1. Considering each residue of the stretch 218-242, count those that are in contact (Cβ under 8 Å) with a residue 40 or more places away in the chain, of a type in the set (D, E, K, R) and not in a loop (DSSP other than H, G, I, E, B), and give that number.
2. Residues that are surrounded by fewer than 21 Cβ atoms within 10 Å (Cβ to Cβ), out of contact with any strand residue (DSSP E or B) (no Cβ under 6 Å at 6 or more places or on another chain), on the phi < 0 side of the Ramachandran plot and of a type in the set (A, V, I, L, M, F, W, C): does the stretch 18-36 have at least one?
3. Suppose we keep only residues that are part of a loop (DSSP other than H, G, I, E, B) and aliphatic (A, V, I, L, M) within the stretch 40-53. Which one would you say is farthest from A93 (Cα to Cα)?
4. Determine, yes or no, whether D136 is without any contact (Cβ under 8 Å) to a residue 12 or more places away in the chain and either touching a Cys at 6+ places or on another chain (Cβ under 6 Å) or in a helix (DSSP H, G or I) (or both).
5. Could we say that A17 is over 30 Å from S182 (Cβ atoms), of a type in the set (G, A, S), modelled with pLDDT under 95 and more than 13 Å from the chain's Cα centre (by Cα) here?
6. Using beta carbons and a limit of 7 Å, which pairs, at least six apart or on different chains, have the first residue in the stretch 205-217 and of a type in the set (G, A, S) and the second one surrounded by 13 or more Cβ atoms within 10 Å (Cβ to Cβ)?
7. Being over 16 Å from A123 (Cα atoms) and either surrounded by 24 or more Cβ atoms within 10 Å (Cβ to Cβ) or modelled with pLDDT under 95 (or both) is the requirement here; does K162 meet it?
8. Considering the stretch 7-39 alone, what residues qualify as being assigned to a helix (DSSP H, G or I) and without any contact (Cβ under 8 Å) to a residue 24 or more places away in the chain?
Amino acid sequence: MNVELVFTFYELKRKAARGKLCIVIDSLRAASSIIAALDADCKEVVPAVSIKEAYRLQGFPSYQNYLLCGEIGGLRPEGFVLGNSPLDYQAAAIRGKGIIMATTNGTRALRLTAGAKLVLVAALINAKAVAMRLTDCDGDLLICCAGTKGEFSIEDFVTAGKLVHELYQCRSDILADDATLSAYQLYLKAGSNKQGLVDLFCSGNNGKRLIELDLVEDIEFCAVEDQFTIVPYFDGIACRKD
């Protein structure tokens, strides 16, 4: 399996996912929230590329009872039921309900995976399960770090490294490009203890912004490895679980 990595979702515009296995990573916080929502038994999560599109989608009859969730600038937009904190996605609030989610990075990344053979949603909190899901999959793998506003994000990069670390445990045919190998080496250094990952998540621009917004608990939650065993997949319309 050839494995390549892109640093931001903008790179998907030039490096098409068509025909490949694709993993979309957004550890802070969209992927973590999607994982938490589906684990809490929401019906599905429909990714929108903007707040405007989220409102438009809710206007369709098939989505009129869906909850609007997400963020702009890290905060819940006016009129949205939930923001982008995975801690908000509790079963009592969302069980059995559909969600339309709009975020700055993660949901936009998902929408750029058209034509991929398989699209999975990954974060540090489910990385081992994602790797195990890929154990018997045929094809080359493209790892897309969503990034932050079109720029590199260290938390997505180290999450990619964790994913590759787990892939090495599952498969013997991994041929990683240099970007992927760099992510793997970073994880080996930072992932030796939980606090190292928390500190790394806090050190990045995205982490610093969340700290300024008094959302340290989100960072601490998202920096804990393998809390979840579910692996959401995106079918071009919505994120669901098997």
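The values are calculated or read from the model by the stated rules, or taken from the named source; none is laboratory data. Since the model is a prediction, treat every value here as computed from it, not as a measurement. A quick note on method: Cβ atoms are made from the backbone with ideal geometry, for glycine too, and the neighbour counts reach across all protein chains shown.
1. Summing the residues that are in contact (Cβ under 8 Å) with a residue 40 or more places away in the chain, of a type in the set (D, E, K, R) and not in a loop (DSSP other than H, G, I, E, B) in the stretch 218-242 gives 2.
2. No, that holds for no residue.
3. V49
4. Judged against the criteria, D136 is not a match.
5. Taking the combined requirement at face value, the residue does not satisfy it.
6. G207/L28; G207/E155; G207/F201; G207/I219
7. When the stated conditions are applied, K162 does not pass them.
8. Within the stretch 7-39, no residue meets the criteria.
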